[in-house]
Number of protein chains: 2
Amino acid sequence: MNKKQLVEQIIKKKSFLCVGLDTDIEKIPSHLLTYEDPIFEFNKQIIDATSPFCIAYKPNIAFYESLGIQGWMSLKKTIEYIPKNCFTIADAKRGDIGNTSKYYAKTFFEWLSFDAITLSPYMGEDSISPYLNWKGKWSIVLALTSNAGAMDFQFIMDENQKPLYQRVIEKTQQWGTEENLMFVIGATRSEEIAEARKRAKNHFFLIPGYGAQGGSLQDVCSYALNEEVGILVNSSRGIIYASSQKDFALRAGEEAQKIQKEMEQILFDKGFVNHLF
Amino acid sequence: MNKKQLVEQIIKKKSFLCVGLDTDIEKIPSHLLTYEDPIFEFNKQIIDATSPFCIAYKPNIAFYESLGIQGWMSLKKTIEYIPKNCFTIADAKRGDIGNTSKYYAKTFFEWLSFDAITLSPYMGEDSISPYLNWKGKWSIVLALTSNAGAMDFQFIMDENQKPLYQRVIEKTQQWGTEENLMFVIGATRSEEIAEARKRAKNHFFLIPGYGAQGGSLQDVCSYALNEEVGILVNSSRGIIYASSQKDFALRAGEEAQKIQKEMEQILFDKGFVNHLF
């Protein structure tokens, strides 16, 4: 899915919601454990319930990988089940030398057919560029994350008082374009979102940390929106674990719809859509 | 395997060689493709031929992951085949929030029973600490890598003219000990190896970039050895692809032995062992 198609989906669905599929075998409703593939069954029902309200899905690869062969099979079935008009992100946070990166890219872009993958920038250009060479695919580079540990290195100031995460945003742009490169910008620090947007005016931001980790949607949007919307706001646990009972999918759908409604109002207020549903 | 046992193996085998299993289906000898599991067959023969001369194996996870389910099965068989007196490293370079890290740790420490995993520090403490809680297991944190892209961020100077990789070494030590934390320090820049050693006197270093990427063994050792040897020097392609013919395992064994002999001489010269084989 290219940038134009992504923006079209956002306008059409009046939503920039990404649902994080952090599907944990220990947290899914117990009645699903009798299914042959409980992880896939959970995802399938979550996708059915939420896909009218979101434009992207982001499976967190760790959760699938930790289940071994079975986990990878559940992941493959999930990615094949996601409707084709949804953008798909492998939250894998890979980052290795060039020769190795090619193989990770093959895994997520070819075998699993994801649209995008999250990447860690620590190893520099040859750990990012190989992914950028895959036509029609996206790299989403960690700049400012929403976890507590973000403070440890991402805010180290260089000689010119510029924090590392801003150096990452500036440097990485030299390797990709607005058509194949996005940034992870956590929702937890509004001023920093504004700083990030100044440095990457036209790139999409994937914004985690909304909800469970704090950061209001209005706040995030006032700093992060650009002329083409330019953001995907992720929510994982708040949606998929809205209920641990048999009504989990219904409740997930309701939570997703609630967020979509809020997004719709923001898109209307900012003039991106000219009527509410 | 704890630090004491690792040092004992080094002294016993007179070697601190780690063999990187970057096993590439497109590079292994073509006669192996008739086997049911060519990747495992290749690794098995490489392990048989090299295990007298090395003390560690480091499968590069990307190569296995890119083959899907079959690749993970080959990896599992490989890790089970490696002799128990060898240290095993999952070269996975993971790094994610705390909740997610636990699942990656489960994958590599429990399902696959690796002794150690390589980790990227970009996301800070909660992306490293969960791995350090696994008893008897090791985290190997990227500090200074041996690829060209290392120059992009790892050498960014802070306000006190200290490069990022040194900040990573200093900060990360607050979270772990010499018994559960090692650092990746590339072989390509001798002065930097010395700087790293000043800042982590007793931690083991995993040193890639010897051979193919440059850096002589004598040079590396003169800067990196500590009182307990304290280094694992990795070679991947130089050993496993020494020949692309039917003699690949024999030639891999010869290459490993050549390096082991050089290591033995260094260990003798430095007084770690008191006789040559």
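Here are the numbers for this structure:
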| read-out | value |
| --- | --- |
| Calculated SAXS-style log₁₀ I(q)/I(0) at q = 0.12, 0.16, 0.22 Å⁻¹ - region B:94-213, Debye, Cα scatterers | -0.42, -0.74, -1.28 |
| Residue-wise HN-Hα coupling along region A:180-195, computed from phi with Karplus coefficients 6.51, -1.76, 1.60 (Hz; x: Gly, Pro) | 9, 9, 10, 10, 7, 10, x, 7, 7, 9, 4, 4, 6, 4, 5, 4 |
| For region A:11-128, alpha-carbon Rg and Dmax in angstrom | 15.0, 47 |
| Long pairs among A:Lys27/A:Lys76; B:Lys12/B:Lys93; B:Lys102/B:Lys171; A:Lys44/A:Lys135; A:Lys27/A:Lys106; A:Lys76/B:Lys44, criterion Cα-Cα beyond 23 Å | B:Lys12/B:Lys93; A:Lys44/A:Lys135; A:Lys27/A:Lys106; A:Lys76/B:Lys44 |
| Region A:3-269 - percent relative contact order, Cα under 8 Å, separation 6 or more | 21 |
| Pairwise Cα inverse-distance average, inverted: Kirkwood Rh of the protein assembly as shown (Å) | 24.2 |
| Set of aspartates and glutamates with alpha-carbon distance to B:Lys246 below 18 Å, sequence-local pairs under 8 removed | B:Asp24, B:Glu26, B:Glu36, B:Asp37, B:Glu41, B:Asp48, B:Glu254, B:Glu255 |
| Neighbour-limited loop hits for trypsin sites (Lys or Arg not before Pro), region B:54-140 (at most 13 other Cβ within 10 Å; DSSP other than H, G, I, E, B) | B:Lys84, B:Lys135 |
| Structure-based [θ]222 nm, chain B - -39500 (n - 2.57) summed over DSSP H runs of at least 4, per residue, nearest 500 | -11500 deg cm²/dmol |
| Global form of region A:151-220, assessed from the alpha-carbon gyration tensor, a/c cut-off 1.5 | oblate |
| Binned Cα-Cα distance frequencies in region A:1-50 - 5 Å width, integer % | 4, 17, 22, 17, 12, 10, 11, 6, 0 |
| Span from the region B:103-156 Cα centroid across to the region A:1-70 one, whole angstrom | 27 |
| For B:Val141, B:Val184, B:Val229, order by how many other beta-carbon atoms lie within 10 Å, fewest first | B:Val229, B:Val184, B:Val141 |
| Reachable lysines, given that their alpha-carbon falls under 20 Å from the alpha-carbon of A:Lys14 and they are not under 8 places away in the same chain | A:Lys3, A:Lys4, A:Lys58, A:Lys84, A:Lys258, A:Lys261, A:Lys270 |
| Estimated Rh, region B:185-269: Kirkwood, alpha-carbon pairs, angstrom | 13.5 |
| Tail beyond 28 Å, pair distance distribution of region A:3-269 (Cα, percent) | 31 |
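Readers should treat all values here as calculations from the given coordinates under stated rules, not as data from a laboratory. Since this is a predicted model, take the numbers as computed values, not measurements. Positions of Cβ are generated from backbone atoms using ideal geometry, with glycine treated the same way; all protein chains shown enter the neighbour counts.
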